[in-house]
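Working notes, structure below.
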Amino acid sequence: MTKITESTIEKLAIKLLAKQGYQYIYAPFIAPDNDTPTRKIQ
């Protein structure tokens, strides 16, 4: 039997969302403590 891991589900979700036009951005790149954050620290 094939194991289904969280990583497998996450990759599938990213792939499906990309097909719908969403853009994947690696979380540390948009973190509020990054050099160019897209979110603010609340």
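Values in this text are rule-based calculations from the coordinates and carry no lab data. Every value quoted in this text rests on a predicted model; they were computed, and no experiment measured them. For neighbour counting, all protein chains shown are included, and Cβ atoms are generated from backbone atoms with ideal geometry for every residue, glycine included.
Computed quantities for the displayed model
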| item | result |
| --- | --- |
| Whole-Hz ³J(HN,Hα) from phi, Karplus 6.51 cos²θ - 1.76 cosθ + 1.60, for the stretch 13-24, glycine and proline x | 4, 4, 5, 5, 5, 4, 5, 8, x, 6, 9, 8 |
| Virtual spin-label span in nm between residue 5 and residue 26, 7 Å along Cα→Cβ | 1.8 |
